[in-house]
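Asker: Handing you this structure, nothing more for now.
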Amino acid sequence: MANQPPPREGPLHVYACICNRVSEDEVHTAIRCGAHDLEQIGDACEAGTNCFTCHDRLREIIEEHFAPAL
């Protein structure tokens, strides 16, 4: 199949925000650097600043990050 791209190397990047092409890893980094809400995440990496569809996922990431360890 000559028209297929070569296999991707390295880690798989899952987008948290498709509009601004922001990966979940970038969101986690923003949170580790001090962003604790949607506005701060948007300021840090632009996730959630366009169509707002990703806000539910961004909230989940925030909650997961600050959930107490069991």
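Asker: Tally the residues that are touching a residue at least 12 places away in the same chain (Cβ under 8 Å) and open to solvent by 60 Å² or more (accessible area, probe 1.4 Å), restricting the search to the range 33-52.
Answerer: 7
Asker: Next question. Give the number of residues within the range 16-25 that are closer than 11 Å to Leu58 by Cβ and either in contact with a strand residue (DSSP E or B) (Cβ under 8 Å, 6 or more places away or on another chain) or open to solvent by 10 Å² or more (accessible area, probe 1.4 Å) (or both).
Answerer: Residues in the range 16-25 being closer than 11 Å to Leu58 by Cβ and either in contact with a strand residue (DSSP E or B) (Cβ under 8 Å, 6 or more places away or on another chain) or open to solvent by 10 Å² or more (accessible area, probe 1.4 Å) (or both): 3 in total.
This table checks each residue for (1) at pLDDT 95 or above; (2) part of a helix (DSSP H, G or I); (3) small (Gly, Ala, Ser).
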{"site": "Pro6", "(1), (2), (3)": "no, no, no"}
{"site": "His13", "(1), (2), (3)": "no, no, no"}
{"site": "Val27", "(1), (2), (3)": "yes, yes, no"}
{"site": "Gly34", "(1), (2), (3)": "yes, no, yes"}
{"site": "Ala44", "(1), (2), (3)": "yes, yes, yes"}
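The values are calculated or read from the model by the stated rules, or taken from the named source; none is laboratory data. It should be emphasised that the depicted structure is a prediction, and the values quoted were computed from it without experimental measurement. Heads up, the Cβs are rebuilt from the backbone with ideal geometry, glycines too, and the neighbour counts pull from every protein chain shown. To get the accessible areas, we keep the full protein, side chains included, count just its heavy atoms, and leave off ligands, DNA and RNA. Shrake-Rupley method; radii C 1.70, N 1.55, O 1.52, S 1.80 Å.
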